[in-house]
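Working notes for the structure below.
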Amino acid sequence: MSIRRAVALGSGSYLPERILTNDELSKTVDTTDEWIFARTGIKQRHIAADGEWTSDLATKAAERALDMAKISATEIDLIIVATATPDQTFPSTATRVQHNLGTTQGFAFDVQAVCSGFVYALSVATQFIETGKVTNALVIGAETFSRILDWTDRTTCVLFGDGAGAVVLQGQDGNGTKADRGILSTELRSDGTHNELLYVDGGPSTTGTAGCLRMRGKEVFRHAVSNLATIGEEALVSAGATSDDVDWVVPHQANHRIIEATARKVGIPMEQVILTVSDHGNTSAASIPLALDSGVCDGRITPGNLLLLEAMGGGFTWGAATLRW
Ligand code: ACO
């Protein structure tokens, strides 16, 4: 049976030039490179320059994805930017990216699911493509978390960084089997009970300010491992696949220990996990497309590979997708 699939044509990513190492951070907050690396696997993160906005990062990642996909911005019907750090409260960062790319074709909007944002956006774009409403979609995860960190709070400021990643999706016909290229399944969940474990203490309707990120790390860690393993398995079942079919796991890059514990639970060896957390830190919605693009560009991810994408973030929100590259 022929069915419409959202097939990935290309990926792209962008990291701001400025690198902030653990050693440099340890000069401004009471921490050490040893503590950060042992607890998280992070060695450094990238920080956006003054005047460099989330839309700037997103646009550069999008341009690279369009280059790889060999299609022009004017052929894109839908742009979704997953971000929790938009340029402005409104309009959406996606409409600015659309403008930066020099197109007025189709429509553009943001998705806000914090660290799960890219998987949410991928799922939304897939629905539009599978119904035939959209042919070509650009899905971007982009963040400037450095702007919502309390740089005096060592329990949070050491964990996050800035960056962007993008994927171009195109509607193509498949056979409806797990051998098809494209997105084979997406699973999304949320549970608002745990707002106080991970949140930003500001916003337009509460304080009128952007606020700073607050987190109870230990509790978040515990929820992350159990939710990620479960949703990953559910996405595999929806695709008619098992962990043995997976070539690469492309996880949200929050913490090396979360990634390791989740991979163990799902039964996939760490040799098949794309890791970028040491170089980027946690870039929230950007972290999956950044990791994906690094695996594609260094030749580990090749056409036909089955990928398992999984993420969890504030809300809580969590989600997973299977994608045959
Ligand atoms: N440097 C040195 N010491 C620190 C630092 C730091 N940067 N941060 C905290 N400490 C201290 C604490 O004060 C505490 O000291 P105490 O024992 O004297 O009170 C000690 O280190 C242990 O702190 P814990 O919070 O218990 O450390 P833990 O092993 O839980 O690691 C961490 C903390 C890394 C935040 C971990 O809980 C974690 O990664 N949680 C997941 C959070 C996350 O990744 N969130 C991102 C968004 S959600 C997501 O993406 C999945």
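The values are calculated or read from the model by the stated rules, or taken from the named source; none is laboratory data. Keep in mind that what you see is a predicted model, and the values were worked out from it rather than measured. Virtual Cβ from ideal backbone geometry, glycine too; neighbours counted across all protein chains shown. Only protein heavy atoms, including side chains, enter the accessible area calculation; ligands, DNA and RNA are left aside. Shrake-Rupley method; radii C 1.70, N 1.55, O 1.52, S 1.80 Å.
Top to bottom by accessible area (1.4 Å), largest first, where do M1, M215, M68 land? Present the calculation step by step, with values, prior to reporting the outcome.
Numbers: M1 175, M215 45, M68 65 Å².
Of M1, M215, M68, the descending order of accessible area is M1, M68, M215.
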Karplus ³J(HN,Hα) for region 304-318 (6.51 cos²θ - 1.76 cosθ + 1.60, θ = phi - 60°; Hz, whole; x = Gly/Pro) runs x, 5, 8, 10, 10, 9, 8, 8, 9, x, x, x, 6, 10, 7
Stokes-Einstein D for region 152-241 (20 °C, 1.002 mPa s, Kirkwood Rh from Cα pairs), in µm²/s, comes to 126 µm²/s
For the chain, the Debye formula with one identical point scatterer on each Cα and no solvent gives log10 I(q)/I(0) at q = 0.11, 0.13, 0.14 Å⁻¹ as -0.62, -0.88, -1.03
Highest mean packing first, using Cβ neighbours within 10 angstrom, the peptides 107-114, 312-319 sort as 312-319, 107-114
Averaged per residue, the 1.4 Å probe accessible area of the chain, protein heavy atoms only, in Å², is roughly 40 Å²
For region 3-174, using Cα atoms only, the Rg and Dmax in Å read 17.4, 56
Taking R0 as 30 Å and r as the Cβ-Cβ distance between A210 and S72, the FRET efficiency 1/(1 + (r/R0)^6), rounded to the nearest 0.05, comes to 0.30
Ordering 78-90, 9-21 by per-residue average of other C-beta atoms within 10 angstrom, highest first, gives 78-90, 9-21
In the chain, lysine pairs 8 or more places apart or on different chains with C-alpha atoms under 29 Å apart total 12
